[in-house]
1. For a quick check, take a GNM of chain A with Cα springs below 10 Å and name the residue from A:N110, A:N127, A:N156 with the largest mean-square fluctuation.
2. Just to check I understand the Karplus step: with θ = phi - 60° and J = 6.51 cos²θ - 1.76 cosθ + 1.60, what whole-Hz values come out for the range C:28-42, glycine and proline as x?
3. For chain A, with a Gaussian network of springs between Cα atoms less than 10 Å apart, report the residue from A:L160, A:L122, A:L13 with the top mean-square fluctuation.
4. Quick one: grab the alpha carbon gyration tensor of the protein assembly as shown, order the square roots of its eigenvalues as a ≥ b ≥ c, and give me rounded if a/c is under 1.5, else prolate or oblate depending on whether a/b is larger than b/c.
5. Which residues does a label at C:A88 reach in the range C:122-153, if reach means a backbone N under 20 Å from a point 7 Å past the Cα toward the Cβ?
6. Amide H neighbours of A:Q71 under 5 Å, at least 5 residues apart or on other chains, H built in the peptide plane: list them.
7. Counting DSSP beta bridges in the protein assembly as shown, what percent are antiparallel, to the nearest 5?
8. Grab the beta carbon distance between C:A39 and A:Q76, set R0 = 25 Å, and tell me the FRET efficiency rounded to 0.05.
Amino acid sequence: MNYGPILFLGIFLSFALSWAGMVFLPQKQLGHQELAKPFDAEALYPTPHSGLAEQGRQVYRAEGCAACHTQQVRPQDVPQYGLRFTVAQDYLRDEPVQFGSLRLGPDLANIGARMPDAKWHLLHLYNPRITIEKSLMPQYKYLFEKRKIRGERSANALDLPKGFEVEEGFEVVPTDRADSLVAYMKSLRSDASLFESPLPTVPETDDTNAAPASAEAATPTNTNSPEK
Amino acid sequence: MMRSSSSPNQPASGAAGDRDPAFPTVEKIDASCRGALMFLFTAALLWLALSSLFAVLGSVKMHAAGMLANVDWLTYGRVRPAAVDMFLYGFLSQAGIAAAIWILCRLGKVALVSGVTLIVGAVFWNLGVLLGVFGIFTGQSTGYEWFEFPQYAVAVLFVAYLIMGIVGLLTFAYRNERHTYVSQWFILAAFFIFPWLLSTAGLLLLVSPVRGATQAAIAYWFANGFLLLWLMPLALGIIFYMVPKVSNQLLNNHYLAVISFWSWLLTAGWSGIPVGARLPAWMPSVSTVASVLLLVPAVAMFINWRATWIKSPAKQEGGVAFKFISFAAFAFILWALAFAANFLPPVAQVVEFTLFGLAIAQLATYGVVAMAIFGAIYFIVPRIAGTEWIFGRVKGHFLFSVAGLVLIVFAWGVGGILQGTSWNNPLSDFMKSVRVAVPFIGIGTIGFLLLLIAHLLFLSNLVSVIRRCCTACCGSGKEARK
Amino acid sequence: MKSDAKKSVRNDESEPKASQTAAPVFIFVVLALLLYWGALHIDQYGGGFRKEVYAPFKSVKEVAKLHPKKSGDDVFERGEKIYALACAGCHQPSGLGSPGVAPPVAGSEWVLTPGPGRALLIAYNGLTGPITVKGTEWNLAMLAMGQQLGLSDEDLAAVLTYIRGNAAWGNNASAVTVEQVKAHRPTMDSRTQPWTAEELLKIPETE
């Protein structure tokens, strides 16, 4: 192995092999995926998100939420986080895809179905301990504006519970970033029945709302619902 | 045969017989590296200290949720990736390149091709890291783990790397000693693969992003390649150089080294897709096999190193450098075992998405790569600067680094297993798994504090070396003028 | 410390070299065993490298079984049997065809038309001459399989339902009824030559 060129050729070929297998092949297989037509619904899946939710995704990325939250429902996560495990199809519209690798907080792939209440999310972002006692999550006070009440109290001001109020005469209102992040949270739901990951029982009816409705019915099993 | 003809056991005669009079002397080689390498090492150490400062901050923020809650650039989700990237790009990559280039010079018996060009590359590299960190703090992170730097920073890093990489490759090409040694293979592989990794990830994730889950597949591939085919080969090149050098022995077995090199290179690139990743089943199962196969080169290399240093009665000669290097060697084999286990489905069932994964990454990046680089810096700097370290601080650095690392890896490892066990218990709710982990996160914070102390000691030691080196130079200059 | 450095500086001229000892045999044995295990592992858990298979499933078949039976599944199963008998030899059980033998039926634009007409005529009377399928040009001849085997309207409806609606292949076109086949009967019976792609294109997609 005293010849540089031969060494180089060997290095090149062995790395090219792994490049072909782990970059080219996945791209060939998944890169041209198309929208799916679920068995039980008319709309193509995944459905597009609202512009506000798309902005929220960028907030999610910028604030590094993926440092503590995954968006991956594995088979063993199904009872806790969703009705079925997630597959590549679920992430087709995501840009960037935020798989995450650590769960210091719960999985969020289905948070829109598990917790559809925007008010809950806003309080949770402002101070997670309002909604979940002993939460480790940082407070995102910078996504909110604390301001003096002039005249009427703003309609979208947070209803802060006892122990978390701000000074008399002040109110806390969400900024655009907080609103869009919550819109994004509400848009996160992977509940269409797909060939590679069907829902446990495909609803008999053709009602397009059947799957989402049953997803909400499953919320009581959630671990981070406000009741707990 | 080989052993008797060029035994380094008789340094005086062996050394003289070894050297072709046409080759530059080691003093000349080291002098050619002085300016550029001191620049790279100093910049790297500054990033190291800065990164450990932010790592402590990030770890503290895990306990104090309300701390600095009004400052968006200091939120946990920005501080943590910034600290990690400063460490990976600012310190490990930069100091790794410097140590690798010195090894290429020494093994090739050739002076550094162009120190000035290397410094130019290094300046751009630091600019790239600075821009990238700035990008993360201002919310422009790309969202991909270990690849958070925004597009413009990656572009600067790529150009900077090309400049430095070309210097390294030319130094290898112009080598006087045509015979190559295993360290050179690993370093060349790393130098060649890194730009490929960076450009592929840059193009397919940032410039014209691929669709959907393919992004995740490529992000996994990049992060895996960054560790196994960039940082690790640099560290392995250093260990393969330092072990025989410090033990004053021949490397135990050439062919074993050949096998480990090629089997490492052929398998490493296929690992990296976690068992539970939401990608078609073949991808994680291929990664599982690759990660287990990596045990073969890992064990082969460890056997080779151990058989080399065990023969040497004089291994203490290398002193402090050897302490770090042998720690890296032991950490390497431990990491290889944990890494393979982590990719086995029954183990992943418990530890996936827990702190355990962070523990393994810390063991790899700090226990193996950083420790090997520390050893190399302690070995190289006195030679190129002509000034000795302050021994007490080196000892302190070693103790604090080892203690900090052990605390972090232990705490996150155990905490992760407890977290995963809690998730797999259907009666337990999520908050229970968080409460279980909290004390271990606390121990981890203490670990990061120890690392910060270690790195400040290291930095102060380097500053003192540079100061003495400068006075020595200026002093001798004055004497010469007299 | 200073003396340490001096000592090693003294040895500095000699750079590391490796001793040319034979590599231990056990390393090859271990490597071979692990490679064997790896092949088994990927064979068992790799899902045949198909994009539809996610752990814990092991094959497309297993995934397909999950789907509850709908009405018409008997037809589907009947179609599967006919396909295995008459078509799979060339078009492969995967529906992907094989180069130089037969173009794919999985994802083929000739199969997934709104109406089953074109695919039905090919299946019954055969096909000859150049044809473009999924962007690839083919120039082969297919026998008049349906005619030769004397498939009934029910059989033809079943096999076309199976081919068009096979989710495991990624096909999701509508099922074919016996009435649809009957409507084409006169054309099929009067035809004595295999069809060409050009002729088929004149038949509306919806028929």
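The values are calculated or read from the model by the stated rules, or taken from the named source; none is laboratory data. These numbers were taken from a predicted model, which means no experiment stands behind them. Glycine also receives a Cβ, built like all others from the backbone with ideal geometry; neighbour counts cover every protein chain displayed. Just the protein is used for accessible areas: all its heavy atoms, side chains included, with ligands, DNA and RNA removed. Shrake-Rupley method; radii C 1.70, N 1.55, O 1.52, S 1.80 Å.
1. A:N156
2. Result, ordered by residue: 6, 4, 4, 4, 5, 4, 5, 5, 4, 4, x, 4, 4, 4, 5 Hz.
3. Greatest mean-square fluctuation among the candidates belongs to A:L13.
4. Here the protein assembly as shown falls in the oblate category.
5. C:123-124, C:143, C:145-146, C:149-152
6. A:G100, A:L108
7. The answer is about 90 percent antiparallel.
8. Once rounded, the FRET efficiency stands at 0.40.
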